[in-house]
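Asks: Please read through the structure below; I'll follow up with questions.
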Amino acid sequence: MILQSFDKKILKFIKDYKIFNKYDKILLGISGGKDSMSLLNTMNKISKIMDLEITVAHLNHGMREEALEDEIFVRQKCEELNIPFFSERKNVFEYAKREKISVEVAGRTLRYEFFYKKLRDLNYNKIATAHHKNDLAETILYRIIRGTGFYGIGGLTPIEENLAKPMLCVDLEEITNYVTINSIDFVEDVFNYSLDYSRNKIRHEILPKIKGINPKYEESFFRLAKLSWNYRKDVENKYHERVIFKKEEIIQKLEHDFFDVEVFRMIFLKSYKYPPNMEETEKALKMKKDGKMRLSKFIVIKKDNLLIIKKS
């Protein structure tokens, strides 16, 4: 199997961050766009080197007339590569209206619901998406604008639980060169250019201006993200050191350092999927001895140097 520089770069990134292990079974989220078709082609090569089993999942979002054509396109490409293909059809607009959420959130929710359902059905252990350096920069900027701590500034991560992003080491220019040199077909989604969506405003209005200041801004954001990834590892270690799980409650040991904040938020992220904001977090940590506060559907109690979290 002959690997090009693009493939080698991704393979090295996979090994450096232990994204995949030999014999992993990986579900590739493929939309048919330039980045995802690059993922499909490079992972087809890498899978043979690492003895990986790969399958493609495609969500037909029903957002435009060409959605069915996109589904057929990805299916045909998978048939050519002899890769199993699964698809599901949803109406993102209807779902967004029913749930009273943005189209962006609705699309992401439905996409990952489908991916995780298929992951369980197939008994696979990893999902891989085609996020790249430009997506990383966009996400970091988006989170800074909305308000985030250093833990969140990493934006996207190479691997988190069973969700993998093996293309974070390459940028859009490299992807464009890869599909051009290898004559890889792909489809365009017009919604990627609509300025009705916050992410697209960052992508098409803000980042081009940043590029005018620093033509290699993607690399700068990437370096910042790598620092955050190391920090996230430290937080994860402190979480395992300081958190005790009991039948009806979770106990956090307080050390009165800056990790207390991150560990407290991680308890909710991992256990309840409800991340308290910084104001709520600081209020909980600054409670006096025997203090008690309600946090959404939970009760937080302070006993000496312990925080006890219970469902109310």
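The values are calculated or read from the model by the stated rules, or taken from the named source; none is laboratory data. None of the values given here were measured: they were computed from a predicted structure. Note that each Cβ is placed from the backbone with ideal geometry, even for glycine, and that neighbours are counted across all protein chains shown.
Asks: Of the residues that sit in the stretch 285-312 and are among the hydrophobic types (A, V, I, L, M, F, W, C) and within 17 Å of K238 (Cβ to Cβ), which one is surrounded by the fewest Cβ atoms within 10 Å (Cβ to Cβ)?
Replies: Taking the stretch 285-312 as the starting set, the residues that turn out to be among the hydrophobic types (A, V, I, L, M, F, W, C) are 285, 287, 293, 295, 298-301, 306-309.
Retained after the next criterion (residues that are within 17 Å of K238 (Cβ to Cβ)): 285, 306-307, 309.
Numbers: L285: 16, L306: 13, L307: 23, I309: 20.
Among residues in the stretch 285-312 that are among the hydrophobic types (A, V, I, L, M, F, W, C) and within 17 Å of K238 (Cβ to Cβ), the one surrounded by the fewest Cβ atoms within 10 Å (Cβ to Cβ) is L306.
Asks: Taking the stretch 55-82, which residues are at pLDDT 95 or above, closer than 20 Å to K117 by Cβ and surrounded by fewer than 23 Cβ atoms within 10 Å (Cβ to Cβ)?
Replies: Of everything in the stretch 55-82, those that are at pLDDT 95 or above, closer than 20 Å to K117 by Cβ and surrounded by fewer than 23 Cβ atoms within 10 Å (Cβ to Cβ) turn out to be T55, R75, C78.
Asks: Same structure again: State all residues of the stretch 103-141 that are part of a helix (DSSP H, G or I), touching a residue at least 24 places away in the same chain (Cβ under 8 Å) and either closer than 25 Å to Y239 by Cβ or in contact with a strand residue (DSSP E or B) (Cβ under 9 Å, 6 or more places away or on another chain) (or both); if no residue qualifies, say none.
Replies: Listed by number, the residues that qualify are G107, L110, R111, F114, F115, K118, L119, L122, L136, I140.
Asks: Criterion first (buried (at least 16 other Cβ atoms within 10 Å of the Cβ), within 20 Å of V179 (Cα to Cα), over 18 Å from the mean Cα position of the chain (by Cα) and at pLDDT 95 or above) does I10 satisfy it? Give the steps one after another, and end with the answer.
Replies: Values: buried (at least 16 other Cβ atoms within 10 Å of the Cβ): yes; within 20 Å of V179 (Cα to Cα): yes; over 18 Å from the mean Cα position of the chain (by Cα): no; at pLDDT 95 or above: yes.
For I10, the condition - buried (at least 16 other Cβ atoms within 10 Å of the Cβ), within 20 Å of V179 (Cα to Cα), over 18 Å from the mean Cα position of the chain (by Cα) and at pLDDT 95 or above - is not met.
Asks: Moving on to the next point. Of the conditions (1) in contact with a helix residue (DSSP H, G or I) (Cβ under 9 Å, 6 or more places away or on another chain); (2) crowded, with 18+ Cβ neighbours inside 10 Å, I184 fails just one. Which one is it?
Replies: So the condition that I184 fails would be (2).
Asks: Anything in the stretch 88-98 that is surrounded by fewer than 12 Cβ atoms within 10 Å (Cβ to Cβ) and more than 19 Å from D70 (Cβ to Cβ)? List them, or say none.
Replies: R98
Asks: Return the residues of the stretch 210-230 that are of a type outside the set (A, V, I, L, M, F, W, C) and either surrounded by fewer than 17 Cβ atoms within 10 Å (Cβ to Cβ) or not in a helix (DSSP H, G or I) (or both); say none if nothing qualifies.
Replies: Matches in the stretch 210-230: K211, G212, N214, P215, K216, E219, S220, R223, K226, N230.
Asks: Restricting attention to the stretch 125-156, report how many residues are buried (at least 19 other Cβ atoms within 10 Å of the Cβ) and hydroxyl-bearing (S, T, Y).
Replies: The total comes to 2.
Asks: I would also like to ask the following. Look at E262 and say whether it is loosely packed, with under 13 Cβ neighbours inside 10 Å and not assigned by TED's automatic domain parsing to the domain that holds E161.
Replies: Criteria not met by E262.
Asks: Filter the stretch 264-274 for residues that are without any contact (Cβ under 8 Å) to a residue 12 or more places away in the chain and polar (S, T, N, Q) and give the result.
Replies: none
Asks: Moving on to the next point. Output the residues belonging to the stretch 275-312 that are among the aliphatic types (A, V, I, L, M), touching a residue at least 12 places away in the same chain (Cβ under 8 Å) and not in a loop (DSSP other than H, G, I, E, B).
Replies: Hits for the stretch 275-312 are M278, A284, L285, L295, I299, V300, L306, L307, I308, I309.
Asks: Before we move on, is R265 assigned to a helix (DSSP H, G or I), of a type in the set (K, R), closer than 30 Å to I159 by Cβ and out of contact with any Gly (no Cβ under 7 Å at 6 or more places or on another chain)?
Replies: In short, yes.
Asks: Could I ask something else about it? Do you know which residues across the stretch 72-101 are in a loop (DSSP other than H, G, I, E, B) and either closer than 21 Å to M37 by Cα or in contact (Cβ under 8 Å) with a residue 12 or more places away in the chain (or both)?
Replies: Those that are in a loop (DSSP other than H, G, I, E, B) and either closer than 21 Å to M37 by Cα or in contact (Cβ under 8 Å) with a residue 12 or more places away in the chain (or both): N82, I83, P84, K90, N91.
Asks: Checking M43 against (1) over 30 Å from E94 (Cβ atoms); (2) surrounded by fewer than 22 Cβ atoms within 10 Å (Cβ to Cβ); (3) in contact (Cβ under 8 Å) with a residue 40 or more places away in the chain: exactly one of these is not met. Which one?
Replies: Failing condition for M43: (2).
Asks: Please tell me if I244 is touching a residue at least 12 places away in the same chain (Cβ under 8 Å), outside any helix (DSSP H, G or I) and among the β-branched types (V, I, T). Don't jump to the end; show me each part of the working.
Replies: Values: touching a residue at least 12 places away in the same chain (Cβ under 8 Å): no; outside any helix (DSSP H, G or I): yes; among the β-branched types (V, I, T): yes.
No: the conditions fail for I244.
Asks: Pick from S36, S31: which is polar (S, T, N, Q), closer than 21 Å to Y116 by Cα and at pLDDT below 95?
Replies: Selected residue: S31, the only one of S36, S31 that is polar (S, T, N, Q), closer than 21 Å to Y116 by Cα and at pLDDT below 95.
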